[in-house]
1. Please work out which one of (1) outside any loop (DSSP other than H, G, I, E, B); (2) surrounded by 19 or more Cβ atoms within 10 Å (Cβ to Cβ); (3) not hydrophobic (A, V, I, L, M, F, W, C) is the condition Lys104 fails and give its number.
2. Being open to solvent by 70 Å² or more (accessible area, probe 1.4 Å) and polar (S, T, N, Q) is the filter; apply it to region 286-316 and report the residue that is farthest from Ile62 (Cα to Cα).
3. When only residues in region 220-245 that are open to solvent by 20 Å² or more (accessible area, probe 1.4 Å) and among the hydroxyl-bearing types (Ser, Thr, Tyr) count, which is farthest from the chain's Cα centre (by Cα)?
4. Can you give me the number of residues within region 111-138 that are in a loop (DSSP other than H, G, I, E, B) and either touching a Ser or Thr at 6+ places or on another chain (Cβ under 9 Å) or touching a residue at least 40 places away in the same chain (Cβ under 8 Å) (or both)?
5. Could you say whether any residue in region 111-128 is over 21 Å from Ala348 (Cβ atoms), open to solvent by 10 Å² or more (accessible area, probe 1.4 Å) and among the hydroxyl-bearing types (Ser, Thr, Tyr)?
6. How many of the residues making up region 159-178 are within 21 Å of the chain's Cα centre (by Cα) and open to solvent by less than 50 Å² (accessible area, probe 1.4 Å)?
7. Filter region 31-83 for residues that are over 25 Å from the mean Cα position of the chain (by Cα), more than 25 Å from Leu95 (Cα to Cα), buried (at least 17 other Cβ atoms within 10 Å of the Cβ) and hydrophobic (A, V, I, L, M, F, W, C) and give the result.
Amino acid sequence: MSIKRIGILTAGGDCPGLNAVVRAVSKNALQHGIEVIGFKNGFDGLVRNEFIHITAQTVSGIINRGGTILGSSNIANPFKYTLAPFGTPENPQDLSSVAMHNFKENGLDALIATGGDGTLHMAHQFIEMGMPIVGVPKTIDNDLCATDQTFGFDSALSIVTEAIDRIHTTAQSHHRVMIIETMGRYAGWIALRSAIAGGGDIVLIPEIPYNDDVIVEQILARKSKGRTFSIIVAAEGAKNEAGEQTVSRTVAGSTDSIRLGGIANKLSDMIESRTHIESRACVLGHTQRGGTPTAFDRWLSTLYGTKALDMVLEGKFGYMAALRGFAMTEVKIADAISKLKLVDPNGAEVRAALEAGMSFGSRQVG
């Protein structure tokens, strides 16, 4: 099959490294004489047929820029389209046939879809409709199966670790309990690794249910030993022993209708009430998604982008570029989205955290 024209889109939540992928795909394609168009705002651009023509000039100097020059959307699902004027949250429309028409009308030979779990689920649905797609794994949550690491994760991890370093000094100065709330959805990778790197005292992750009593006991035990402050790193999706997560609100039309958040403030109130130690919450939020990508994420994104174009040239559609042991390979998108990659409660990282003196706020481990 001769590849003459391809499309690329960046969908889902933004993260550092997206521009590096767009750059790598485009530079590789242009060297092969392949025309590249970039759809605006994820799958929304495919539905509305809004795109830009990507040239060497378009991607010049963007490797160190956060965000994405193409724009992104985590609510524009062509299979349940809720955006005006075509649909509403109350009356979603299936516009997948419109997206397929636009793909064919633009004379595209392939589409490279860059995104996380939600994006790749949509890509898989289009693959079943006959669209030739190659996937690139992007998410700060690092929760995609079949790849060792997604790009964006290292940058988010660096941001959170720096925040913990800064929180330490104010916690020590004022003898406070400080709770840092991280993103991650249903996986605890950001919280766990940043807590290990930042020297957290307690870390709460979705994979290990926490108990308020244990958290209070740990804080009071530290105080009895002369440690007048405590640092808690809490993943937004952490669950208590009843299986309850802290939900800030629900969002109609989103790929994930539950908006997690608020655990830091909830814990702060509980801890201060029960220990009479001043407690403060620090919600990092979208700072974890912003700014300059780390050197590792620039490197990884470039490898993913060049690999994705190679896969297009080889006709490996329905597959996603993947990192395995610091080498690039490909895996079926169906395998990548079959389940979330979660922290193993019995794994080496949890064991290392415990042996370094960290608590998971649970009687089930430790």
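1. Against the list (1) outside any loop (DSSP other than H, G, I, E, B); (2) surrounded by 19 or more Cβ atoms within 10 Å (Cβ to Cβ); (3) not hydrophobic (A, V, I, L, M, F, W, C), Lys104 comes up short only on (2).
2. Filtering first and then ranking leaves Thr287.
3. For region 220-245, the residue satisfying everything is Ser224.
4. Final tally of qualifying residues: 3.
5. no
6. Qualifying residue count, region 159-178: 5.
7. Within region 31-83, Ile34, Ile54 qualify.
A quick yes/no check of all residues on (1) farther than 23 Å from Val216 by Cβ; (2) open to solvent by less than 20 Å² (accessible area, probe 1.4 Å):
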| residue | (1), (2) |
| --- | --- |
| Thr329 | yes, no |
| Ile333 | yes, yes |
| Ser338 | yes, no |
| Lys341 | yes, no |
| Asn346 | yes, no |
| Ala352 | yes, no |
| Phe360 | no, yes |
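The values are calculated or read from the model by the stated rules, or taken from the named source; none is laboratory data. In this text, all values refer to a predicted model and were calculated from it rather than measured experimentally. Using ideal geometry, Cβ is built from the backbone for each residue, glycine included, and neighbour counts are taken over all protein chains shown. With ligands, DNA and RNA removed, areas are computed over all heavy atoms of the protein, side chains included. Shrake-Rupley method; radii C 1.70, N 1.55, O 1.52, S 1.80 Å.
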